[in-house]
Amino acid sequence: MILTELYELSKQLAGNDAMPSMYGKVKIRWMIPINADGTLKGSFEDLKGATKAELRGKEYVMPDMVRSSGIKPKLLADNGEYVLGLQKAGADPKKVAERHRQYKELIHLCAEKTQDPAVIAIDRFLATWKPEEFNKADLGADLDPADNFTFQVYGLGGRSVIPANAVENNTAIQNFWAAHTAGKDSPLMTCLVTGIENCPVEIRLPVKIKGIPDGQTAGTSLVSANAAPFSSYGLENSLTSPISRDAAEGFGKALNYLIATKESRLYLGPVVYTFWVRGNFNTQVISKLHDEDQSPEDLDDLLEEDFNPFQTAEVRNLLDAPRSGRQQYGVDADRFYALSLTASGGRAVVRNYINIPIAQAKINLQAWFDAMLIVNEYGQKIQKPYLSMRRLLRPLYRDVNKELDLSGAKLLDIALNGGKLPLDMLAQAVRRTAIEQSIPHPRAALIKLILTTQLATETHNPMENMQELNLDPSFEDEKDTMAYHCGRLLAHLENIQKAALPEINTTLIDRYYSAAASTPGKVIGELVKDAQGHLRKLRVTKPAVCEALQQGLESITIKFYSAEKFPNTLNMQQQSIFALGYYHQRAASRKIALDRKAEKEAKKAASDADKADV
């Protein structure tokens with residue numbers, strides 16, 4: 001279970017970056033300075049920074065919790081309504097007063113339980129604080145009740161203390177907060193993460209997940225049932241998936257850590273991926289191949305970080321390889337984990353998770369890259385063969401930036417996990433081809449990639465030889481073979497028409513591609529008949545061209561000799577194979593033209609050289 005692995009990760013993270021129970025990263029805008037006797041020490045200190053990330057103040061690790069409804073004060077650090085009783089415009093004065101009252105009660109209780117001098121000083125300050133006498137001009141002109149406030153106490157042993165700050169390592173305050181937030185009425189159930197039986201479980205998960213695209217700023221809940229349709233067996237809220245406090249807080253903090261850390265997350269459209277590894281680590285960058293859209297990072301940049309199994313460039317490169325088109329990975333570890341999330345309102349949606357051996361991930365990635373290899377539009381084996389996710393998906397949409405959905409996430413999941421790409425993506429590629437009457441190289445690569453995942457078996461892969469200019473692939477289904485040669489035939493008929501009518505504006509492709517791809521039996525026979533008229537014209541005007549085109553036509557039509565006729569209809573998969581046949585034949589024709597041009601230029605250069613010698 002992926003949550004169990006995240007929980008295990010949290011225990012390892014705690015050794016490097018320990019965070020007390022029910023503490024989190026909190027932006028503090030205002031620091032309230034007070035003396036040890038509880039009196040105010042000057043004006044409030046504004047912690048607003050110059051950058052966008054610092055507009056809400058400076059980040060500290062402080063007491064925190066999920067507060068979705070009701071009045072729940074946070075210890076020592078909270079917004080202005082709770083800490084000082086400041087009223088926002090339009091706020092209910094009674095509710096603001098109640099929030100402030102409960103906050104003061106919490107501080108007073110903490111002072112009694114811990115006997116901490118700093119908390120006692122804050123308790124004394126709040127006992128004399130009167131919100132109605134508050135003078136905004138004296139304490140801070142930009143005070144906003146929505147901002148977070150905390151206290152800094154001076155005069156304690158010659159130093160100042162921020163008691164809410166986790167770096168103070170005040171175990172008495174930390175233990176008080178952990179005990180205070182523990183659910184007193186938590187039911188006893190079996191924790192789904194740890195497997196511990198008859199333990200207290202959380203009615204609401206204590207940590208929200210932040211950083212998910214389109215999610216709420218305050219974070220989204222991973223488990224929540226706040227309406228009857230979401231309930232199960234009479235269980236509500238987070239009890240539909242019972243999880244203990246320790247486990248819930250652990251995997252929540254681990255997930256937030258991964259999302260917040262650039263090296264351990266990857267955004268792909270509306271999806272965020274987090275990833276980490278478990279086991280030994282050995283740095284070895286195997287190869288470095290990239291596409292035209294994205295330059296590779298410098299090798300020194302990739303390896304500049306010290307090893308951290310949760311934050312390493314090599315692990316990121318493993319996940320990033322199919323997205324960027326760079327076959328760059330070198331992680332040697334026991335397991336590779338990845339979790340993909342999107343947001344739906346206030347909930348986090350787990351789209352998929354990956355839990356596979358690193359060795360298997362490398363095998364899957366190599367198969368992924370091999371499956372997309374296909375010659376370019378000129379029949380040449382391209383020098384930079386691997387395409388990024390965006391380049392693969394771009395030919396499916398009119399505007400990939402506006403229309404890109406979860407398709408990229410599907411590709412990434414299958415690139416690492418293996419499996420079959422969805423046929424609906426193949427149908428989309430076929431539809432775009434019919435609309436545009438053209439097949440750019442990335443779309444041909446995507447069609448080949450999808451068909452490889454769909455058709456390849458342990459003993460036979462009809463797509464294997466298509467990375468070369470192979471015009472006679474071997475399909476197990478005869479109708480697939482016929483579909484491929486129908487596509488080739490249509491491309492060759494187009495060449496005949498263009499040779500006979502070079503000034504034509506609307507070609508047979510513009511008029512008949514869709515019909516030929518779906519119902520070749522109704523269209524292609526008539527087009528072959530029409531081509532005879534073009535060949536007769538060429539036989540008079542361009543006999544050599546006519547002879548070459550006639551031979552080409554015969555070499556394709558002979559493929560239909562055993563079938564005796566063209567297929568009446570082609571299904572969506574066969575239409576995609578038709579598209580590859582069309583693409584390959586056009587590439588072959590262009591290659592012949594380029595080779596002839598190169599041969600002529602070589603002969604001319606040799607002739608010019610001979611004349612120069614004379």
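A few notes on this one:
- Residues (free of Cβ contacts under 8 Å to residues at least 12 places away in the same chain and under 19 Å from S43 (Cα atoms)) located in region 112-136: K130, E132, E133, N135, K136
- One residue from E54, E132 being modelled with pLDDT under 90, under 37 Å from the mean Cα position of the chain (by Cα) and among the acidic types (D, E): E54
- Reported count of residues in region 83-112, each being among the hydroxyl-bearing types (S, T, Y) and either more than 41 Å from the chain's Cα centre (by Cα) or farther than 19 Å from P33 by Cβ (or both), is 0.
- Residues in region 198-216 that are part of a loop (DSSP other than H, G, I, E, B), more than 23 Å from K74 (Cα to Cα) and more than 26 Å from the chain's Cα centre (by Cα): N198 alone.
- Top-ranked residue in region 118-134 [being surrounded by 14 or more Cβ atoms within 10 Å (Cβ to Cβ), of a type in the set (A, V, I, L, M, F, W, C) and out of contact with any Ser or Thr (no Cβ under 8 Å at 6 or more places or on another chain); ranked as farthest from A164 (Cα to Cα)]: F134
- Annotation note: Cβ proximity below 6 Å between a residue of region 589-612 that is surrounded by 10 or more Cβ atoms within 10 Å (Cβ to Cβ) and a residue that is assigned to a helix (DSSP H, G or I) (sequence gap 6+ or interchain) occurs for S589/N495.
- Within region 262-280, the set of residues being over 20 Å from R390 (Cβ atoms) and either at pLDDT 85 or above or part of a strand (DSSP E or B) (or both) comprises T274, W276, V277, R278.
- From the options A36, A77, A14, A97, residue that is modelled with pLDDT under 90 and among the small types (G, A, S): A14
- The number of residues in region 182-205 being modelled with pLDDT under 85 and either in contact with a helix residue (DSSP H, G or I) (Cβ under 6 Å, 6 or more places away or on another chain) or within 18 Å of M62 (Cα to Cα) (or both) comes to 5.
- In this structure, L469 does satisfy being touching a residue at least 60 places away in the same chain (Cβ under 8 Å) and farther than 19 Å from F560 by Cα.
- For region 240-261, a residue qualifies if it is in a loop (DSSP other than H, G, I, E, B) and within 15 Å of the chain's Cα centre (by Cα), and exactly one does: T261.
- Selection within region 55-68: residues that are part of a loop (DSSP other than H, G, I, E, B) and of a type outside the set (V, I, T). The member of this set that is surrounded by the most Cβ atoms within 10 Å (Cβ to Cβ) is D64.
- Boolean, I71 is farther than 17 Å from L40 by Cα, in contact with an Asp or Glu (Cβ under 8 Å, 6 or more places away or on another chain) and either in the same structural domain as G57 (by TED's automatic domain parsing) or exposed (fewer than 14 other Cβ atoms within 10 Å of the Cβ) (or both): yes
A quick yes/no check of all residues on (1) of a type in the set (K, R); (2) at pLDDT below 80; (3) buried (at least 16 other Cβ atoms within 10 Å of the Cβ):
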{"residue": "Y337", "(1), (2), (3)": "no, no, yes"}
{"residue": "G345", "(1), (2), (3)": "no, yes, no"}
{"residue": "I356", "(1), (2), (3)": "no, no, yes"}
{"residue": "W368", "(1), (2), (3)": "no, no, yes"}
{"residue": "Q380", "(1), (2), (3)": "no, no, no"}
{"residue": "Q383", "(1), (2), (3)": "no, yes, no"}
{"residue": "R398", "(1), (2), (3)": "yes, yes, no"}
{"residue": "G408", "(1), (2), (3)": "no, yes, yes"}
{"residue": "M425", "(1), (2), (3)": "no, no, yes"}
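- If you go through region 482-520 and pick out every residue that is closer than 21 Å to A427 by Cβ and either surrounded by fewer than 16 Cβ atoms within 10 Å (Cβ to Cβ) or of a type in the set (S, T, N, Q) (or both), you end up with 4.
- Selected residue [surrounded by 12 or more Cβ atoms within 10 Å (Cβ to Cβ), more than 18 Å from L471 (Cβ to Cβ) and of a type in the set (A, V, I, L, M, F, W, C)] from L535, L553: L535
- Condition met for D510 (of a type in the set (D, E, K, R) and touching a residue at least 60 places away in the same chain (Cβ under 8 Å)): yes
- Helices (runs of 4 or more DSSP H) wholly inside region 453-553 that include at least 2 residues being touching a His at 6+ places or on another chain (Cβ under 9 Å) and over 22 Å from L570 (Cβ atoms): 478-500
- Sole residue being in contact (Cβ under 8 Å) with a residue 60 or more places away in the chain and surrounded by fewer than 20 Cβ atoms within 10 Å (Cβ to Cβ), chosen from A434, A429, A444: A434
- Listed by first and then second residue, the pairs with beta-carbon distance under 7 Å, at least 6 apart or on different chains, first residue in region 540-562 and touching a residue at least 60 places away in the same chain (Cβ under 8 Å) and outside the structural domain of K479 (by TED's automatic domain parsing), second β-branched (V, I, T) and outside any helix (DSSP H, G or I), form an empty list.
- Residue in region 390-400 that is more than 23 Å from the chain's Cα centre (by Cα) and assigned to a helix (DSSP H, G or I) present: no
- In region 161-174, residue farthest from the chain's Cα centre (by Cα) [restricted to those that are exposed (fewer than 15 other Cβ atoms within 10 Å of the Cβ) and either touching a residue at least 60 places away in the same chain (Cβ under 8 Å) or assigned to a loop (DSSP other than H, G, I, E, B) (or both)]: N169
- Screening K104, K25 for residues that are in a helix (DSSP H, G or I) and either on the phi > 0 side of the Ramachandran plot or basic (K, R) (or both) leaves exactly one candidate, K104.
- Failed item, numbered, when A544 is tested on (1) in contact with a Ser or Thr (Cβ under 9 Å, 6 or more places away or on another chain); (2) modelled with pLDDT of 90 or more: (1)
The values are calculated or read from the model by the stated rules, or taken from the named source; none is laboratory data. Please read all numbers here as calculations on a predicted model, not as lab measurements. Glycine gets a Cβ as well: all are built from the backbone with ideal geometry, and neighbour counts include every protein chain shown.
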